[in-house]
1. When a/c is below 1.5 the answer is rounded, else prolate if a/b is larger than b/c, else oblate, so apply that to the stretch A:12-112 with a ≥ b ≥ c taken from the square roots of the Cα gyration tensor eigenvalues.
2. Given the convex hull of the Cα atoms of the stretch A:62-112, what is a quarter of its surface area in nm²?
3. Kindly put A:86, A:74 in sequence by how many other C-beta atoms sit within 10 Å of each C-beta, fewest to most.
4. When a footprinting reagent is the concern and you count Cβ atoms within 10 Å, what order do B:101, B:110 take, fewest first?
5. What whole number of Å gives the distance from the Cα centroid of the stretch A:35-52 to the Cα centroid of the stretch B:49-101?
6. Take the Cα atoms of the protein assembly as shown, build their convex hull, and give its volume per residue in Å³.
7. Is the C-alpha gyration tensor of chain B telling us rounded, prolate or oblate? Criteria: a/c under 1.5 is rounded; beyond that, a/b larger than b/c is prolate, otherwise oblate.
8. Report Rg/Rh for the stretch B:1-43, rounded to two decimals, where Rg is the Cα radius of gyration and Rh the Kirkwood radius.
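All of the numbers you see were taken from the coordinates with simple rules; none came from a lab. Here the structure is a predicted model, which is why all the values come from computation and not from measurement. Glycine gets a Cβ as well: all are built from the backbone with ideal geometry, and neighbour counts include every protein chain shown.
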Amino acid sequence: DSGVTQTPKHLITATGQRVTLRCSPRSGDLSVYWYQQSLDQGLQFLIQYYNGEERAKGNILERFSAQQFPDLHSELNLSSLELGDSALYFCASSASVPDTQYFGPGTRLTVL
Amino acid sequence: GNSVTQMEGPVTLSEEAFLTINCTYTATGYPSLFWYVQYPGEGLQLLLKATKADDKGSNKGFEATYRKETTSFHLEKGSVQVSDSAVYFCALTLSGNTPLVFGKGTRLSVIA
């Protein structure tokens with residue numbers, strides 16, 4: 001158990017819908033990262049937050065957004081969903097100094 | 001840019017065989033290097049890491065040595081078990097609190 005929690009574990013929705021994925025980092029970790037794992041693209045970095053502020057952006061679509069709240073949990077919002085958004089979405093967290101990222105169990109999103 | 005290349009899978013081995021999964025990287029600067037493992041239906045778990053040249057990371061019988069001269073971080077295990085069947089990802093990060101760059105993953109199947 002990495003100490004990073006993600007909910008829900010599975011999500012099935014329809015095209016055009018909007019969903020929210022939630023992540024709670026390890027206790028004390030200030031950085032939260034979101035990654036997408038798909039069969040064709042592999043593991044891709046989406047976005048990073050550090051202590052509530054956006055720190056880095058990767059291959060995140062404009063339909064996707066995220067935020068980190070004062071209690072350090074983070075949410076990833078995916079809107080106008082398309083079939084191609086079906087993937088595993090992972091959250092990871094790290095402490096302020098060490099660079100090891102610890103991953104949550106992931107949310108499997110299926111868009112029908 | 002920064003990238004990680006790892007050997008294509010799948011790799012199928014008999015129990016107690018020797019395992020090598022090759023990983024090479026391209027990076028601007030001095031990265032930290034990681035191996036993560038993903039067991040079927042689960043999230044990513046940190047297997048081992050090395051943060052500077054000539055460091056050796058080790059865990060659960062797996063080892064990898066950070067070779068700056070060959071920009072490599074090959075994963076090895078002397079005697080694999082059926083329980084080692086998983087997908088293995090090589091990854092790098094350039095400094096603390098920056099996103100991970102992953103290789104495409106290598107699926108290992110160990111048969112009894």
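1. Prolate, since a/c reaches 1.5 and a/b exceeds b/c.
2. 4.6 nm²
3. So the ranking, lowest neighbour count to highest, is A:86, A:74.
4. B:110, B:101
5. Computed from Cα coordinates, the inter-centre distance equals 20 Å.
6. About 119 Å³ per residue, rounded to a whole number.
7. In terms of gyration-tensor shape, prolate.
8. 1.04
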